[in-house]
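Asks: My questions all concern the structure below.
The values are calculated or read from the model by the stated rules, or taken from the named source; none is laboratory data. What you see is a predicted model, and the numbers here were worked out from it, not measured in a lab. Here the Cβ positions follow ideal geometry from the backbone for every residue, glycine too, while neighbour counts run over all protein chains shown.
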Amino acid sequence: MMAIAGTKSGHQFMFLSDAADSCAAPYGELLCAPLDDTQAQDRLAQFADVVTYEFENIPCSVVQRIESAVPLHPSSLALSIASDRLQEKSLFRQLGMGTTDFFPVDSLELLTEAFSAFGAGQAAILKTRTQGYDGKGQAVINQPAQIADAWQQVGQVPCILEAKVKFSREVSMITARSPSGEMVFYPLSENVHREGILRLSIARVDDPLQQQAEAMARRLMEHLDYVGVLALELFHVGDELFVNEIAPRVHNSGHWTIEGAATSQFDNHLRAVCGLPLGDTAVSQSVAMVNLIGTVPSEKAIAEIANATLHVYGKTDRPGRKVGHITLVDDSKTGSDVFAENLITLLDMVGEKELASALPFVATNS
């Protein structure tokens, strides 16, 4: 999606990927090689005016080597923090941001002590410090009897134990910053996950916590001298926001910006890393995104829903895999009731019947 946006703007691309069937391949030259292949890295650096990445589970040594040869955004510093949950949470605390309580653990003994420190009745989530994605590398602990199994489940590697948060909503802030320090912010996205995977995002124009989220994003980006799109994943707890984690890249919960915002997150990421003026992030209509997990439903059925746009990623079907998404906008001609009905229909179509039945209270921006 970044390449699609960039090709329309006249950019040329080279991709380094270890997947021969990379879905970005039609939009540039594909270097199919392991990410730590130094010859492939050198070819990339020789080709590029600037290098970026779209996934944080990349060895920092790889981006550091590329960064020494060609401008790279976001920086290797941002990647090193975002790819280690302990560094990440520690930075949030350093910057005065709310987080859940947490402990670093690297043994079964320390895990047992940390869980006990939370106190009776407090559930916790054990997460690997690195390589977690879409709910992977995590185990929930509700009682002491589950501690040993949880430690086995995550692979007995360095972890962070977090107290489980009682939140009313999960939201995310998508923002972008240029090398000159210019920043733009999208409306908060309200997100619904199931099995650790994002299922639905709804843009929340005029959300009462928008300014709080923007202030947190600004603090982080200025501290890191960040360049590019950054996503903050947040919990709404009482009247405040807790930071869960950050993503130093374009983010799934911002895919609705392609049809829903004046400038998409993909276009703004490229503008930022190329040192160009950032685009308008205004949203003038209700907009939502439904993820397609595992398989793509009938394209004909989707096409029959007004103002629904299907994006297929060109990936093979696989349980738990994000293979596409659908954006739904309200063009102000059909009205919010029709928008809500269409969103419920889409959710039902992709197998999210339970979410569809609970949806009316989150369907519009009102």
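Asks: Going through segment 224-240 one residue at a time, which ones are modelled with pLDDT under 95 and either touching an Asp or Glu at 6+ places or on another chain (Cβ under 7 Å) or of a type in the set (D, E, K, R) (or both)?
Replies: Across segment 224-240, the qualifying residues are Asp239, Glu240.
Asks: Something else now. Just give me the residues in segment 205-223 being at pLDDT 95 or above and either surrounded by 20 or more Cβ atoms within 10 Å (Cβ to Cβ) or at positive phi (or both), in sequence order.
Replies: Scanning segment 205-223 gives Ala213, Met216, Ala217, Leu220, Met221.
Asks: Looking only at segment 106-160, count how many residues are aromatic (Phe, Trp, Tyr) and in a loop (DSSP other than H, G, I, E, B).
Replies: 1
Asks: Also, quick follow-up: Within the set of pairs 6+ apart or on separate chains, which have a first residue in segment 135-155 that is assigned by TED's automatic domain parsing to the domain that holds Gly119, a second that is in a strand (DSSP E or B) and of a type in the set (Lys, Arg), and C-beta atoms under 9 Å apart?
Replies: Here the result reads Gly137/Lys127; Gln138/Lys127; Ala139/Lys127; Val154/Lys127, each pair linking segment 135-155 to a residue that is in a strand (DSSP E or B) and of a type in the set (Lys, Arg).
Asks: Working carefully through the options Arg199, Arg218, Arg194, find the one that is under 19 Å from Ala82 (Cα atoms) and of a type in the set (Lys, Arg). Break it down stepwise before answering.
Replies: Details: Arg199 fails: under 19 Å from Ala82 (Cα atoms); Arg194 fails: under 19 Å from Ala82 (Cα atoms).
Going through Arg199, Arg218, Arg194 in turn, just one is under 19 Å from Ala82 (Cα atoms) and of a type in the set (Lys, Arg): Arg218.
Asks: Filter segment 70-105 down to the residues that are in a helix (DSSP H, G or I) and touching a Cys at 6+ places or on another chain (Cβ under 7 Å), then identify the one that is surrounded by the fewest Cβ atoms within 10 Å (Cβ to Cβ). Please lay out each step first, then the result.
Replies: Within segment 70-105, the first condition is being in a helix (DSSP H, G or I), and the residues that meet it are 76-82, 85-94.
Those left that are additionally touching a Cys at 6+ places or on another chain (Cβ under 7 Å): 76, 79-80.
Working: Ser76: 19, Leu79: 24, Ser80: 16.
Among those that are in a helix (DSSP H, G or I) and touching a Cys at 6+ places or on another chain (Cβ under 7 Å), it is Ser80.
Asks: Hey, can you tell me all the residues within segment 298-316 that are surrounded by 17 or more Cβ atoms within 10 Å (Cβ to Cβ), part of a loop (DSSP other than H, G, I, E, B) and of a type outside the set (S, T, N, Q)?
Replies: Matches in segment 298-316: Ile305 only.
Asks: Among (1) β-branched (Val, Ile, Thr); (2) modelled with pLDDT of 95 or more; (3) under 22 Å from Arg321 (Cα atoms), which single condition is Val70 missing?
Replies: Condition (3) is where Val70 drops out.
Asks: Just give me the residues in segment 42-64 being within 14 Å of Leu16 (Cα to Cα) and either part of a helix (DSSP H, G or I) or aromatic (Phe, Trp, Tyr) (or both), in sequence order.
Replies: Asp42, Arg43, Leu44, Ala45, Gln46, Phe47, Tyr53, Phe55, Val62, Val63
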